[in-house]
Amino acid sequence: MATNTERGLVLGNDSITRCWWCGSDAEYVDYHDTEWGHPVVDDVRLFEKICLEGFQAGLSWLTILRKREAFRVAFQGFEIEKVARYTERNVEQLLANAGIVRHRGKIEAAIKNARLALELKAERHSLAGYFWSFEPAKTKKIRSQTDVVATTAESQALSKDLKRRGWSFVGPTTCYAFMQAMGMVNDHVAGCNHWQTVDTLRRELKRP
């Protein structure tokens, strides 16, 4: 029989079994328990998530998580209309902000993506309706760490369509991380204490 480690599980100091990747860091554990994989249908929260996944490219998610509140202040809560109005002056201010990831390309992409998100909302009525249209018809239950994939056909399709629309920092891997985070799939490992919670939330969710 496979051990917890082999299955991609870790037993916390609170005797709760979780996915291996959150380790014992309190902030990471809280994110795993209360956010990751929980279905999101709010446009602002979805925009925040896809922006932060873009900023995470090449970095650890924990780095982004620890800077998230600073990001929220810097990008005015990721209110799409507000970010879409950012100018070069705002870009320079953000580049001087040590609380966030100071990468010009990623900052400019977030602003451009906000403008494109407004166009997408006008076309599809909501970002949620658009993003959730890429939900897989079937998903494979994660039974070990080795079952976790970096991309899927659906994340590739989402990435391709976003890029066609002009979005940046939305490669297939970034899109799949976004899909995992916003609950489009349940990639908690079977045996994780929170797998059932997320499964129930997904079953009860009214899709946009």
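Read-outs: derived from the displayed coordinates by stated rules, not from any lab. Bear in mind the structure is a predicted one, so any value in this text is a computation, not a measurement. Heads up, the Cβs are rebuilt from the backbone with ideal geometry, glycines too, and the neighbour counts pull from every protein chain shown.
Were the residues from Thr34 through Lys141 laid out at 0.36 nm apart, the gain over their Cα-Cα distance would be 36.5 nm. Maximal additional length on extending the Ser24-Leu59 stretch stands at 10.7 nm, based on 0.36 nm per residue less the C-alpha distance. One entry in (i) 11.7; (ii) 18.7; (iii) 11.1 is mean projected area of the Cα convex hull in nm² calculated from the shown coordinates; its label is (i). Between amide H atoms placed 1.01 Å from N, distances below 5 Å from Leu9 occur with Trp20, all of them 5 or more places distant or on a separate chain. With a simple spin-label model that places each label point 7 Å from the Cα along the Cα-to-Cβ direction, the separation between Glu92 and Ala157 comes to 4.5 nm.
Rounded to the nearest 20 debye, the dipole magnitude of the chain is 580 debye, with +1 charges on Lys and Arg beta carbons, -1 on Asp and Glu beta carbons, and the Cα centre as origin.
Computed over neighbours whose Cβ is under 15 Å from that of Leu59, the net charge equals +4, Lys and Arg +1, Asp and Glu -1.
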